[in-house]
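Below: one structure, written as structure tokens.
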Amino acid sequence: QVQLVESGGGLVQPGGSLRLSCAASGSIFTINNMAWYRQAPGKQREWVATISRGASTIYSDSVKGRFTISRDNAKNTVYLQMNSLNVEDTAVYSCYASILTAYPGPFSDYWGQGTQVTVSS
């Protein structure tokens, strides 16, 4: 079927940068919106950013100006460039994609397993 696999998480110092990737594979006809979410320990999952197939982007206020979401449609991959990281960005980051596996539809929601990002000195 369809799998979303994230990579790029890790430990970084405050003020540092990381780039996350999420590749979708399997039986994919087309992908609509892709997004990143995060969940910190003891907190609810939080939306981070969304990118449309046409590369329109929106961001949560907490990351606007620091994070950049992008995608490569040929590779079915979405990226999250995270700059000026602070301890409050520590969380498990998961990707989301709205995927059509066969025409005419419907689109279905898919999630990755998550990758840990830890910001600490």
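The values are calculated or read from the model by the stated rules, or taken from the named source; none is laboratory data. Keep in mind it's a predicted model, so treat the numbers as computed, not measured. Ideal geometry is used to build each Cβ from the backbone, glycine not excepted, and the neighbour counts take in all protein chains shown. To get the accessible areas, we keep the full protein, side chains included, count just its heavy atoms, and leave off ligands, DNA and RNA. Shrake-Rupley method; radii C 1.70, N 1.55, O 1.52, S 1.80 Å.
Roughly speaking, what is the stretch gain from ILE28 to ALA102, that is 0.36 nm per residue apart minus the C-alpha to C-alpha distance, in nm to one decimal?
Between ILE28 and ALA102, full extension yields an extra 25.9 nm.
At 10 °C and a viscosity of 1.306 mPa s, what translational diffusion coefficient does Stokes-Einstein give for segment 11-59, taking Rh as the Kirkwood radius over Cα pairs? Give it in µm²/s as a whole number.
Translational diffusion coefficient: 119 µm²/s.
Can you tell me the dipole magnitude for the chain around its Cα centre, using point charges on the Cβ only (Lys, Arg +1; Asp, Glu -1), in Debye to the nearest 20?
Here the size comes out at about 120 debye.
Between ASP72 and SER17, with labels modelled 7 Å along Cα→Cβ, what's the label distance in nm to one decimal, could you check?
With each label point 7 Å from Cα toward Cβ, the separation is 1.7 nm.
If each residue of separation counts as 0.36 nm, what is the full-extension length gain between GLN81 and GLN113 once their alpha-carbon separation is subtracted?
Fully extending the segment from GLN81 to GLN113 adds 9.7 nm.
Counting every Cα pair in segment 29-97, what percent are over 20 Å apart?
Summing the P(r) tail past 20 Å for segment 29-97 gives 26 percent.
Of the chain, which part is the longest with no trypsin sites (Lys or Arg not before Pro) in a loop (DSSP not H, G, I, E, B) and with at most 16 other C-beta atoms within 10 angstrom?
My reading of the result: 67-121 is the longest stretch.
Could you run the Debye sum over the Cα atoms of the chain, one equal point scatterer each and no solvent, and tell me log10 of I(q)/I(0) at q = 0.15, 0.18, 0.19, 0.23 Å⁻¹, two decimals?
Once normalised to I(0) and log-transformed, intensities are -0.62, -0.87, -0.96, -1.33.
How many percent of the accessible area of the chain is carbon or sulfur, using a 1.4 Å probe?
Roughly 47 percent of what the probe reaches on the chain is carbon or sulfur.
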